[in-house]
Each structure stands twice: as structure tokens, then as C-alpha cells.
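All of the numbers you see were taken from the coordinates with simple rules; none came from a lab. Because the structure is predicted, anything quoted here is derived from the model rather than measured. Virtual Cβ from ideal backbone geometry, glycine too; neighbours counted across all protein chains shown.
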Amino acid sequence: MKESYLIIKDFKDNVRNLIKKVDNLKIENNKLSNDFNVLNTLYRNTIKDFDELKVKYDALKIGKAVIGSNEKNKTKRKLKKLIDQIDDCLVELTS
């Protein structure tokens with residue numbers, strides 16, 4: 001009888017320990033899930049920023065190739081002038 005009692009007590013202790021481990025694993029899983037969400041958001045924002053910077057870089061690269069100028073404001077003025085000329089040509093064509 002005493003042996004049965006000890007087996008049942010050990011079983012209960014083991015079940016309690018397993019329940020604690022499961023609870024701890026749930027907490028850890030939630031933390032890891034939150035960390036993943038934060039890192040995933042950061043990754044997406046980084047990719048978005050990278051894409052935006054790549055577009056700007058490509059535009060500057062094209063501007064330098066078209067105009068051959070290293071000065072940003074001068075390049076902007078020349079591109080604006082080219083755009084205005086294209087707009088004038090489009091107006092001429094549509095009239």
C-alpha cells in the first residue's frame with residue numbers, strides 16, 4: 001500500500017513538473033513570437049527603405065549619365081529644363 005502511495009505521489013509530482021514546463025514553454029514561445037514579429041517588421045521596413053534608396057540612386061545615376069554633372073542642384077535644374085522641353089513638345093504635338 002505504501003508503495004502505491006509513493007508511485008502516485010511521484011506521478012503527481014511529475015505531472016506538476018510537466019505542467020510547469022509547458023507553461024514556461026508557452027511563455028517562451030510568446031516571447032519568441034513577439035521577437036519574430038518585431039524583427040519581421042524591421043526587416044520589411046529595411047527592404048522598403050532599401051528599395052526607395054535604390055530608386056533614388058538609379059535616378060541620380062541616370063541624371064549624372066544624361067547631364068554629366070556632379071552637382072545635385074545643377075542636375076535638378078537641367079532635368080527640370082529637359083522635362084519642360086518635353087512638356088512643350090507634347091503640347092505642340094497635341095495641338
message = Can you give me the angle between helix 72-94 and the longest principal axis of the chain, using Cα atoms only, in degrees from 0 to 90, rounded to the nearest 10?
response = 70
task = May I ask you to compute the full-extension gain from Tyr43 to Lys56, defined as 0.36 nm times their residue separation minus their alpha-carbon distance, rounded to one decimal in nm?
result = 2.7 nm
request  = Check the straight Cα-Cα distances from Lys78 and name the lysines below 19 Å, setting aside those fewer than 8 residues away within the same chain.
outcome  = Lys56, Lys61, Lys64
ask   = Using a simple spin-label model with points 7 Å from Cα along the Cα→Cβ vector, what separation in nm is obtained for Asp84 and Ile8?
value = 9.7
ask   = Reachable lysines from Lys9, Cα under 24 Å, same-chain residues fewer than 8 places away excluded?
value = Lys20, Lys21
request  = Quick one: angle between helix 2-67 and the longest Cα principal axis of the chain, in degrees between 0 and 90, rounded to 10, please.
outcome  = 0
inquiry  = Run lengths n ≥ 4 of DSSP H only: what is the helix-derived mean residue ellipticity at 222 nm for the chain, with -39500 (n - 2.57) per run over all residues, to the nearest 500?
reply    = -35000 deg cm²/dmol
